[in-house]
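Beneath this line is the structure, given in structure tokens, with notes to follow.
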Amino acid sequence: MGCHIYMPHRRSASKWDIWLYLNVENFESEIDPQFYNSDTDTPFTNCMTCNVLLTDNQEYMIEKAMRRVPNLGVEEVIFEYAMCMSCAEDFRERMSKSSIEKIEAYFVEKSSGYVQMIDENNLSLSLDNCILTKKAKDECSEYVMNAHCRGDKMLYSAFPYMISDDAMDEISEMLSAETLDELDDFKSKHFNGPPEITELINPKRLIPI
């Protein structure tokens with residue numbers, strides 16, 4: 001089963017509604033293992049922020065940042081988390097208005113005319129290339145994958161999608177000092193492991209997009 005996605009050109013968008021402009025036939029499937037918790041190799045069970053159980057009709061986002069280790073020929077997780085929609089919205093509300101407006105305008109501009117086929121049996125169709133720059137995942141030193149889920153199901157629309165290192169660098173230039181302070185606080189609160197791990201986490205990558 002597949003669906004055809006088209007992102008029309010819009011001058012403005014707001015919050016998570018940016019994806020509601022899609023002319024798309026939504027469907028769902030089991031959560032793909034690429035979006036499992038890497039520590040347990042099972043689906044995420046709780047929101048990282050409020051600890052609510054991600055069951056039944058609870059909608060949430062998964063964000064997973066990866067980096068390549070060329071000399072070892074492997075990829076490793078930089079950070080990953082699941083966040084319920086309520087907490088994600090609260091987080092975005094704490095970011096500066098100017099940062100949010102710039103990011104949303106960037107998404108609308110770069111994904112204008114975006115067309116792809118998504119098929120639950122061939123997830124690579126939506127994760128092989130950056131939704132914003134079209135850069136191939138294999139060419140990225142770092143990239144972020146995002147998914148939208150409800151309970152034990154992954155929802156397909158514009159999600160899931162991949163964002164390249166180039167796109168993340170461009171987005172980071174749009175962040176105000178207020179937003180950067182908020183992201184630093186978020187990192188300190190939720191990613192407080194060993195220094196060799198936390199030093200890899202760039203707070204500019206933590207925006208729930």
Exercise for the section: Scan region 157-169 and report the pairs whose first residue is free of Cβ contacts under 8 Å to residues at least 40 places away in the same chain and whose second residue is part of a helix (DSSP H, G or I) and not polar (S, T, N, Q), with Cβ atoms within less than 6 Å and a gap of 6+ or a chain change. Expected result: MET162/LEU127; MET162/LYS137; MET168/ARG205
Exercise for the section: Filter region 173-209 for residues that are closer than 15 Å to LYS110 by Cβ, buried (at least 16 other Cβ atoms within 10 Å of the Cβ) and modelled with pLDDT of 75 or more and give the result. Expected result: MET174
Practice task
Determine whether ASP41 is over 30 Å from ALA105 (Cβ atoms), loosely packed, with under 15 Cβ neighbours inside 10 Å and modelled with pLDDT of 90 or more.
Solution key: yes
Exercise for the section: Assess whether TYR81 counts as being aromatic (Phe, Trp, Tyr), part of a strand (DSSP E or B) and either closer than 29 Å to GLU170 by Cβ or in contact (Cβ under 8 Å) with a residue 40 or more places away in the chain (or both). Expected result: yes
Fill in the blank from the handout: Residue hits (region 35-78; among the hydroxyl-bearing types (Ser, Thr, Tyr), part of a strand (DSSP E or B) and free of Cβ contacts under 8 Å to residues at least 40 places away in the same chain) are THR42
Completion exercise
Flagged in region 42-74 as within 15 Å of the chain's Cα centre (by Cα) and under 21 Å from ASP166 (Cα atoms), in numbering order, are ILE62, GLU63, LYS64, ALA65, MET66, ARG67
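The values are calculated or read from the model by the stated rules, or taken from the named source; none is laboratory data. Fair warning: this is a prediction, and the values are worked out from it, not measured in the lab. Virtual Cβ from ideal backbone geometry, glycine too; neighbours counted across all protein chains shown.
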